[in-house]
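> Got a structure for you, written out below as C-alpha cells; questions coming shortly.
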C-alpha cells in the first residue's frame, strides 16, 4: 500500500507539473528576497518556478501532455487566466523580471486548488493592476478583501493583492489564508531550500520543488483512508526535492536531487554506490508495483542500520532476539544473512494485492542449509521461519510486516510472503516464464532510465488499477482511466541514486507506445 501511495503522489506531481508550462512565457527573473516565494511555499507540497527566457507554448502545442495531466477543467481555468488576464500588457509589464510560482493545495472538501504567486515590480502598484483589470471589461466583485473575477469566457478566479504580492487562484480560501500571514517574517525552510537550489536550474526548462513534509495533506484529499499503518511513514518523510523538467513529446521526465534528513530509513542509502538492478528479473508479469534497494557493502551499511534502530529505540530488543535465537538453535545468525546476502532487496505487490519480498544471495544452496534449523517445512519447496523479525533485524523497514513469513530459495534468490498460496502462485509464474521483464510496457519504460540506482519505485498502471480503485477517491480514480486524463500513460518510475549524502533523482511518467494498425505496416 505504501508503494501505491508513493506512486499516487508522483502521479499528482505529473498532474501539477504541466500547470507551470502555460505560464512559463510570463517573464520572470529570481529575486532572492521575494515574498511570492514565501506565499507559494507556505502551505504547498509542490511548487513550480519558471524562468523568463523559456518559451514552451509552441512545444506544448505539439503534444497532448498538458491537457492529459491537468484535465479539461483545470486546463480551461489556467488557459483563461493566462490568455485573458495575465497576458494583459499592464499586468505583463507589472510582473516583468519577477518570478512566477504555481503551487497546488488541498482543501477541506478534498479538492485540489491551484495558486499562482508573483509580485509587482517597483514601477507599478496593486491599484493600477486592479484598475487595468476593471477597464478591460472583466467583472470584478469584492469579497472581504479578495477580488472575484468573471472572465469573458465565464471562467471564475480570485485575486488577492497585498503590497507588491499578487495571488491568483480558482478558490478564495488559499488567498484569504495567505493574506493573513506575515509571510516575509516567517522562517520557511522550504523557501530557503528553493533559494539554495535555484542556482543549479538556470538552464532548465522549469523546476519542480517538493516538500515531503506536506505530502500527507494532499494524500488525505486523494485517498480514502487515514495515514495509519504502512502510510504512517509519510508523517516522517522530512525531505525536500529539487527537480528539472526535461521536454519530451512522449514522456514526462524530471531529473534533479533529493535531500532526506537524518533518521529516515531512505537516508541509509544516500552514501551507497548505486547498484545495477537485476532482482526485478524474477517479478511476475502481474506485478503492480515494487520498491528495490541496492547495497554495495552490507557490513558498512549495517552500521547505519543499527543507528536507525537506536533512534527508533529498537536496537536492544532486536539484539536480544537475535542472541536468544542463536542460543536456542546453537548457531550465529550473523553467519547467514550478513555473509550470504548479495546486494539487492525488494518488496513487490501483485495485481491481486498480494505482497512479497525478496533478497538476492551469493550462494542460495549454502543459505538454505544454514536456515534449516530456523525453518519448518510447508511442502517440498516452501518453508517457514520459526522465529519472528529475522528479516527486519537485518534489513529494516521494508520487511517490517513480514514477521515470520513463508519462503522459497531458487536461483540465488530468497523470496517470501505471509501466505504459502502467494508463493505457490509466484513459483508457477516464474517456472512458466510469465515475467514482468517480458512485457512491452516495462521494457519501454526501463530503456528510458539508467540501470543503476540505490532505491527505485515502479508502478505499472494496468496491473495496479484495482489497487488504485480501492484506495483512491472516485473522482481521482476516474481520472486515471479517462481518455482526457491519464489513460494513455502506463507506468511511473522514481529513481534515487546515492550521491555523497543526497540522491540524484529521476521521475519518469511513461506514455504507452501507439500500436500500429496492420495496414500501416504495408508498403
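> Pairs only if they're at least six apart or on different chains, beta carbon under 8 angstrom, first in the range 352-374 and closer than 30 Å to residue 464 by Cβ and assigned by TED's automatic domain parsing to the domain that holds residue 420, second modelled with pLDDT under 95 and crowded, with 18+ Cβ neighbours inside 10 Å; list them, first residue then second.
353/467
> Restricting to the range 157-187, name every residue that is part of a strand (DSSP E or B) and touching a strand residue (DSSP E or B) at 6+ places or on another chain (Cβ under 6 Å).
Correct list: 157, 158, 159, 160, 165, 166, 167, 168, 169.
> Out of all the residues in the range 93-126, which are surrounded by 22 or more Cβ atoms within 10 Å (Cβ to Cβ) and part of a helix (DSSP H, G or I)?
Once the filter is applied, which keeps residues that are surrounded by 22 or more Cβ atoms within 10 Å (Cβ to Cβ) and part of a helix (DSSP H, G or I), the range 93-126 yields only 94.
> Scanning for something surrounded by 15 or more Cβ atoms within 10 Å (Cβ to Cβ), in contact with a helix residue (DSSP H, G or I) (Cβ under 9 Å, 6 or more places away or on another chain) and free of Cβ contacts under 8 Å to residues at least 40 places away in the same chain, does the range 466-474 turn up at least one residue? Outline the logic, then answer.
Let us first name the residues in the range 466-474 that are surrounded by 15 or more Cβ atoms within 10 Å (Cβ to Cβ), namely 467-468, 471-472.
So of that shortlist, the ones also in contact with a helix residue (DSSP H, G or I) (Cβ under 9 Å, 6 or more places away or on another chain) come out as 467-468, 471-472.
Narrowing further to those that are free of Cβ contacts under 8 Å to residues at least 40 places away in the same chain: none.
No: the range 466-474 contains no residue that is surrounded by 15 or more Cβ atoms within 10 Å (Cβ to Cβ), in contact with a helix residue (DSSP H, G or I) (Cβ under 9 Å, 6 or more places away or on another chain) and free of Cβ contacts under 8 Å to residues at least 40 places away in the same chain.
> With touching a residue at least 60 places away in the same chain (Cβ under 8 Å) and touching a strand residue (DSSP E or B) at 6+ places or on another chain (Cβ under 9 Å) as the only criterion, which of 305, 345, 318 stands out? Outline the logic, then answer.
Details: 305 fails: touching a strand residue (DSSP E or B) at 6+ places or on another chain (Cβ under 9 Å); 318 fails: touching a strand residue (DSSP E or B) at 6+ places or on another chain (Cβ under 9 Å).
Answer to the selection: 345.
> Could you please let me know if residue 442 is touching a helix residue (DSSP H, G or I) at 6+ places or on another chain (Cβ under 7 Å) and in a helix (DSSP H, G or I)?
The answer is yes for residue 442.
> Restricting attention to strands (runs of 3 or more DSSP E) lying wholly within the range 318-418, give those where 1 or more residues are modelled with pLDDT of 95 or more, touching a helix residue (DSSP H, G or I) at 6+ places or on another chain (Cβ under 8 Å) and within 18 Å of residue 303 (Cα to Cα). Talk me through it step by step, then tell me what you get.
Values: elements: 341-350, 355-361, 375-377, 383-385, 406-410, 413-417.
The strands (runs of 3 or more DSSP E) meeting that bar are 341-350.
> Mind telling me which of the residues 477, 494 ends up being at negative phi, free of Cβ contacts under 8 Å to residues at least 24 places away in the same chain, touching a helix residue (DSSP H, G or I) at 6+ places or on another chain (Cβ under 6 Å) and not assigned by TED's automatic domain parsing to the domain that holds residue 367? Reasoning before the result, please.
Details: 494 fails: free of Cβ contacts under 8 Å to residues at least 24 places away in the same chain.
So the residue among 477, 494 that is at negative phi, free of Cβ contacts under 8 Å to residues at least 24 places away in the same chain, touching a helix residue (DSSP H, G or I) at 6+ places or on another chain (Cβ under 6 Å) and not assigned by TED's automatic domain parsing to the domain that holds residue 367 is 477.
The values are calculated or read from the model by the stated rules, or taken from the named source; none is laboratory data. All values derive from a computational prediction rather than experimental measurement. In this analysis, Cβ positions are derived from the backbone assuming ideal geometry, glycine residues included, and neighbour counts consider all displayed protein chains.
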